[in-house]
1. Rounded to the nearest 20 debye, what is the charge dipole size of the stretch A:75-184 about its Cα centre when +1 sits on each Lys and Arg Cβ and -1 on each Asp and Glu Cβ?
2. Hey, what angle do you get for helix B:89-101 against the long axis of chain B, alpha-carbon based, 0 to 90 degrees rounded to 10?
3. Using only alpha carbons, build the gyration tensor for the stretch A:59-124 and give me the equivalent ellipsoid semi-axes, biggest first, whole Å.
4. Which of B:Ile243, B:Ile259, B:Ile273 moves the most in a Gaussian network model of chain B with Cα springs under 10 Å?
5. Any idea what the relative contact order of chain A is, in percent, if you count C-alpha pairs under 8 Å spaced at least 6 apart?
6. Looking at the square roots a ≥ b ≥ c of the eigenvalues of the Cα gyration tensor of the stretch B:80-188, which shape do they give, rounded for a/c under 1.5, prolate if a/b is larger than b/c, or oblate?
7. Mind putting together the pair-distance distribution for chain A? All Cα pairs, 10 Å bins, whole percent per bin, short to long.
8. Could you list which residues have their amide H under 5 Å from that of A:Ala32, counting only those 5 or more apart in sequence or on another chain, with H placed in the peptide plane?
Amino acid sequence: MKSIFQTLPQVILAEFDSAHSLVSAAKKLREAGYTKYDSHSPFPVHGMDDAMGLKRSPLGYVVGVMGFTGMIGMIALTYWTSAVDYRFVISGKPYFSWQAFVPVIFAITVLFSALGAFFGMLAFNQLPRLFHPVFNSEKFSRVTDGGFFISVQADDPLYDRGKVISFLESIGGRNVEVVDADEK
Amino acid sequence: MKFDSSTYRFTEPGKLGKIALSAGLVFLVISVLGYFQDSAQFFLAYITSFMFWLSIALGGLFFTMLHHLTGAKWSTVLRRVSESAAGTIPLMLILFIPILFGLHELFHWSHPEVYDPASPSLDELLKKKEAYLNVPFFVIRAVIYFAVWFLLSHYLTKTSVAQDSGHDDKLTGQMRRVSAPGMVLFALTITFASFDWLMSLDAHWFSTIFGVYIFSGAFLAIMSFMILVGYFQRRRDVLTDVITVEHYHDLGKLTFGFIIFWAYMAFSQYFLIWYANIPEENYWYLYRWDNSWKYVSLVIIFGHFVIPFVGLLTRAAKRTIPYLAVMAGWILVMRWADLYWLVMPTHHQGGFHFSWMDVTTCVGVGGLFVWFFWKRYTSYAVVPVKDPGLEASIHFTNT
């Protein structure tokens, strides 16, 4: 949970007119070689993953491993409890009647998968994060209804304040501002 | 085979129809020879094949109505395939007629002496079901099922084709309005049809989930069929830019989901019977497990669930079209095996029994089915050209 208190560096924020110009701006940033930047929009924008060059999420593998672990774990648990530790004949059936345990094995598989998906998603998104420098921008509050923003982080290898500002303006960014993490 | 990609029409439908029709007729004639050798086996094989191909038609009807009800965009380019599959209902009605001549061979309850208190063959358990399981009511029900399926598929295809001649968005709403009650009627008819034509082969046994089990198989059948029709066209450079990898991906996802749904239904049915272990129910599974039918049961557990589950799990599997087509073909074979496993043991309770007619009837009915399907499919534009959702469907992506 280190990410909750992790301080992000200074960011440079630029506003764009529409989802379409946001996508093309994100693409130009990627082509210019920037890696530590993010786009912010009121709704998921079609084609943004491709524009930013984001790879497919590895979350599926986490879910798969977790689900498989849950399945194996529950098979082991039902076997141990019914056929080893507390053997008990129920309606004349064998000690380990796997049929009876399929629902619970299935349920635990799903539960582990869901937990893997939930916590894996949080981890890959570096969440929960209580603070982000963009919150210091007055204009950024519009991102929840009509604003489209791109923020470039100071820890980007190509970061050079003057160059980033002029580049963002050249690709159609408005109201470009430098936002510090400890402004307030 | 010639295709005009500006109007989305086949200008020349190719040899497929002729090949299918001649194969169908030849194999049906060969199968009829089998009737004189072993009439009971002929009808068992025939009803298995009939149900297999009918399930594709019914799956097509379901998918068409589901498309209209949900207002789905992605499936618009595939709708003509499902409409044409549902359009084979008139052919299936004709192919149902031979079953009426085999009632005595297939259905023990159809013998009048079973219900006759004076007869030594009186069956007390079946006597209780006489009000439902009797020949006149059986025929009336079959007429009702086919009437519902025909009217729904006919109306939906007719309206859909009418839309091709001009922009009329009202028709989309009309098809949706018909699909809503149509879905309810479909659920009832496929449930009772599966009770009548499959479950009553062993009329002592009963399972309330049986209809859903058959439905899940029908949905898998139409999914696999659509993948194969798409791939067949793709190999001939037809609709390659229209039915894209994104559509196959979605078909793959639905197939994968319904593989699990099918297994869920199959297990739910088995589980309760296994748990209660009451002789009046469990014998149905016993004669499929305590003899050589066990190997067929195992083939279905692994072939119908485990292999497609693992085989369709990854994203790459669903997006590699030739591979997906192979899986679709495999699932169709397993669909046939599942129906075979439902039908054959009822009359061969001692153990596995295979006859050449099991294969010839399937090719025979299938040949006619493919011929009729292809005839309908190529008789109009193969995508709904004026559907308001067509553009969105063609450019649909999964991300």
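The values are calculated or read from the model by the stated rules, or taken from the named source; none is laboratory data. A quick note: this is a predicted structure, and the numbers were derived from the prediction, not measured. Quick reminder, even Gly has a Cβ in these numbers, built from the backbone with ideal geometry, and neighbours come from all protein chains shown. Ligands, DNA and RNA are excluded from the accessible area calculation, which covers all protein heavy atoms including side chains. Shrake-Rupley method; radii C 1.70, N 1.55, O 1.52, S 1.80 Å.
1. 620 debye
2. 10 degrees
3. 30, 9, 7
4. In the Gaussian network model the winner is B:Ile273.
5. 50 percent
6. prolate
7. Spelled out bin by bin, chain A gives 9, 26, 24, 13, 10, 9, 6, 1, 0 percent.
8. none
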